[in-house]
Amino acid sequence: MEDLERFRGMIKERIGLGVHATYQGNIPYHVYNWFYYKEAFSRNLVLEVIKDFGLEKGIVLDPFCGSGTTLLACKELGISSIGFDIQPSAVNASNAKVLDYDVPEVRKILKDILSKDVKDAGISENSFAKKAFSEYSWRQLSFYMAEIDMLPSNLSPFFRLALTRAAIRASSCFRDGAVIKFGKRKQANVKRLFRMEAGRMLKGYRIFGKISKGGYCKAFFGSSLRMPLKSGTIDAVITSPPYVNQDDYLTAYAVENLMAGKNIAKDFMESKAYGPELKGLPVPEACLKYFSLILESLREIFRVCRRGAKVAIVMGNGHVEKRVVESDVIAALLAEKAGFSARGIYVLNRRFALVGRTRKAGVLRESLVLLEKG
Ligand SMILES: C[S@@+](CC[C@H](N)C(=O)[O-])C[C@H]1O[C@@H](n2cnc3c(N)ncnc32)[C@H](O)[C@@H]1O
């Protein structure tokens with residue numbers, strides 16, 4: 001496809017922002033660090049993009065909001081934002097981070113919940129929970145889950161996230177790459193862990209509250225392919241879809257999604273077969289469906305953007321069937337098919353595609369693709 005050469009010509013280095021394309025950059029920041037999300041980008045990347053866009057007000061959209069980094073950075077700056085994600089735990093974490101709290105009220109509710117005698121909540125363990133938790137821990141977890149379900153929606157995300165953090169510590173699971181493995185079940189005192197995690201979060205909230213300007217920010221459980229938003233209403237988009245060979249994120253968050261108590265929405269990968277627009281794309285057959293979904297999302301993003309809206313998308317290249325898949329330049333090409341003008345491709349990170357553990361088979365870029373609805 002000769003067009004790709006034009007987009008390759010737009011590639012420029014911006015390596016200084018590399019660490020901010022990952023979750024690592026969020027670790028020092030209160031509230032941003034409430035939910036470990038391996039796929040996240042960081043606060044400073046969002047702040048940098050907002051500065052580049054010259055955005056001071058309006059509505060920012062993140063159609064793949066994950067753990068809510070874009071939404072929280074917008075809240076810090078006093079800009080409104082909306083996010084969508086198909087992972088219930090990610091949506092819950094995003095909302096827990098962006099809601100406003102009355103700290104003494106939260107402390108009182110926590111005290112009330114913890115003062116209750118743990119009873120059987122009648123939530124039976126599924127096969128995953130049976131492997132992840134001892135009966136002792138599950139009895140407490142399910143009791144607190146039922147208590148949290150009765151809280152109003154402006155408070156439940158906070159408590160659910162605190163309990164999720166406790167559940168992660170109480171579980172026997174650990175991640176080995178993309179796979180969840182189980183160790184010995186622990187007789188963990190969930191009550192103590194829940195109190196500790198909620199306390200830590202409140203401490204972080206107090207510090208973040210001093211710098212945050214506030215604003216309407218909310219994450220919704222739903223797909224970027226069909227967003228319940230009016231056409232032409234969004235001023236900017238800052239986002240990062242799943243990467244091309246990254247289809248493991250749904251299983252990797254099994255404990256988190258169990259605690260969020262909802263089923264995962266229709267998967268990103270479950271959609272139409274690819275259309276003729278993708279004919280000739282220089283990628284293995286196995287990637288065509290992924291790119292047809294990227295195109296479908298870009299069309300939906302184009303619809304909801306106003307004229308002049310700016311879009312920043314973090315895309316990671318992949319290594320599939322021994323070929324380097326240039327997702328960044330392909331995204332720029334597909335964005336133009338969706339109606340956008342590509343404004344630049346900035347490389348944030350480069351790493352080697354490895355065959356086995358050591359043989360270098362090419363270079364993979366992680367890039368910021370900038371677009372505009374002209
Ligand atoms: C790379 S992560 C985004 C991380 C986010 N930038 C952050 O800082 O946490 C991509 C996200 O897209 C979500 N996702 C996948 N398919 C989706 C879809 N069709 N609609 C909305 N979100 C989707 C995944 O659940 C995942 O949270």
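Read-outs throughout are calculated quantities, based only on the coordinates presented, and are distinct from any laboratory measurement. This one's a predicted model, so the numbers in the text were calculated from it and none came from an experiment. Here the Cβ positions follow ideal geometry from the backbone for every residue, glycine too, while neighbour counts run over all protein chains shown.
Before moving on, here are some points about what is shown:
- For the chain, adding -39500 (n - 2.57) for each run of n ≥ 4 DSSP H residues and dividing by the number of residues yields -12000 deg cm²/dmol at 222 nm.
- When the P(r) is computed for the stretch 103-211, the part past 21 Å accounts for 38% of the Cα-Cα pairs.
- Think of each Lys and Arg Cβ as +1 and each Asp and Glu Cβ as -1; about the Cα centre, that makes the dipole of the stretch 1-138 roughly 280 debye.
- Percent antiparallel among DSSP beta bridges (both partners in the chain, rounded to 5): 60
- Semi-axis lengths (Å, descending) of the ellipsoid that matches the C-alpha gyration tensor of the stretch 64-134: 30, 21, 8
- Farthest toward positive dipole pole in the chain [+1 Lys/Arg, -1 Asp/Glu at C-beta], among 19, 46, 315: 19
- Under the combined filter of DSSP loop state and at most 12 neighbouring Cβ atoms within 10 Å, the stretch 120-197 retains these trypsin sites (Lys or Arg not before Pro): 184.
- Reduced Cα scattering model of the chain, Debye log10 I(q)/I(0), q = 0.07, 0.14 Å⁻¹: -0.32, -1.20
- Amide H within-cut-off set for residue 83, under 5 Å, with H built and near neighbours excluded: 62, 218, 219, 220
- Binning the C-alpha pair distances of the stretch 180-252 at 10 Å intervals from 0 yields a P(r) profile of 11, 23, 29, 30, 7, 1 %, listed from the shortest bin outward.
- Computed Kirkwood radius, in angstrom, where 1/r is averaged over Cα pairs of the stretch 138-200: 12.4
- Extension gain, residue 246-residue 178: 0.36 nm per intervening residue step, less the Cα-Cα distance, totals 23.6 nm.
- Dipole magnitude of the stretch 184-232, debye to nearest 20 (Cβ charges: Lys/Arg +1, Asp/Glu -1, about Cα centre): 340
- The loop-placed GluC sites (Glu not before Pro) in the stretch 37-129, going by DSSP, that have at most 10 neighbouring Cβ atoms within 10 Å of their Cβ come out as 56.
- For residue 352, distant residues with modelled amide H under 5 Å away: 364
- Charges were assigned to the Cβ only: +1 to each Lys and Arg, -1 to each Asp and Glu. The resulting dipole of the chain about its Cα centre is roughly 980 debye.
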